[in-house]
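Only one structure is covered here, and it is reproduced in the block below.
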Amino acid sequence: MKLSDFKALTFDCYGTLIDWEPSMLAHLQPWAQRNGVQMSDTALLETYSKGEHALEKANPKMLYPDVLANGHKELAKALKIPVDEKAARAFGDSIGDWEPFDDSIEALAYLKKHYKLVILSNVNDAGVAKSAAKMGNPFDDIITAEQVGTYKPTHTHFHEAFKRLKTMGVEKHQILHTAQSLFHDHVPANELGLNNAWIDRRAKRGGGSGATVPVGQMPKLDYRFESMAEFVAAHKKETGG
């Protein structure tokens, strides 16, 4: 299918539209360094991501700010440094401070003219609401882990999206799932037979999985872009817009 054949885009928000990694590192690196730990940004994020995923899998109804706070504590244990309750809570409460990528707002304003836009996020309702407001609230719907009671890569978000988009006149084959995380988004998209576009934001940061879990095998990708600006440019080229 061509980009213009789809009627809806479902997004992962964090890592795709919101540039969460620099904001996470603004908390994690100074804390780690104060405790004598010197690690690259990528290594620190990848170590953190292991604990976060384990928490989400074991506690699917835990709200994301608490996942962040407990993930901070798990990272302390992995690095063999003291748990810092105050630093962990500040990290958990930081979602509202995370900023969009430079191209997200303009890209979403353009794409809103051509698609239904729906977020499928592992973050809680209040956190996503703050992020959506930073991007001008262009979304037709937002589906969170708090609403569905599980964390991606389980399929619950996706099934809920299929149901809600159907009420908007959009069938599954007309949805393009647009996301950065291979593990949380593109693997389940493949499992569900959902068309997908990889926004490979980490390509310009030297690769690696960063704050998301690495995958053992590369999933099938229908499209690959390094930014939302590239996605928009491809759509404009295809449509003459």
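A few points about this structure:
- Net charge in the neighbourhood of S40 (other residues with Cβ under 15 Å of its Cβ; Lys, Arg +1, Asp, Glu -1) is -1.
- Other residues with beta-carbon under 12 Å from the beta-carbon of F6 carry, at +1 per Lys or Arg and -1 per Asp or Glu, a net charge of 0.
- Amide H to amide H, with H built 1.01 Å from N, F11 comes under 5 Å of V118, I119, L120, T178, counting only residues 5 or more places away or on other chains.
- Potential lengthening between I81 and M39 on full extension [0.36 nm per residue; Cα-Cα distance subtracted]: 13.8 nm
- Separation between Cα centres of segment 163-241 and segment 45-89, rounded to whole Å: 27 Å
- Taking a ≥ b ≥ c as the square roots of the eigenvalues of the Cα gyration tensor, segment 7-132 is prolate, since a/c reaches 1.5 or more and a/b is larger than b/c.
- Angle in degrees between helix 228-239 and the longest Cα principal axis of the chain, rounded to the nearest 10: 10 degrees
- Counting only alpha carbon atoms, the long axis of helix 41-58 and the longest principal axis of the chain meet at about 80°.
- The chain: mean projected area of Cα convex hull, nm²: 12.1 nm²
- Under a 5 Å amide H cut-off, with hydrogens placed 1.01 Å from N, F101 pairs with I18, D19 among residues at least 5 apart or on other chains.
- Seen against the Cα atoms of the chain and their longest principal axis, helix 64-79 is set at about 50 degrees.
Only the coordinates and a few stated rules stand behind these numbers; no lab work does. Just so we're clear, the structure is a prediction, and the values are computed from it rather than from any experiment. Counting neighbours? That spans all protein chains shown, and the Cβs are built from the backbone with ideal geometry, glycine included.
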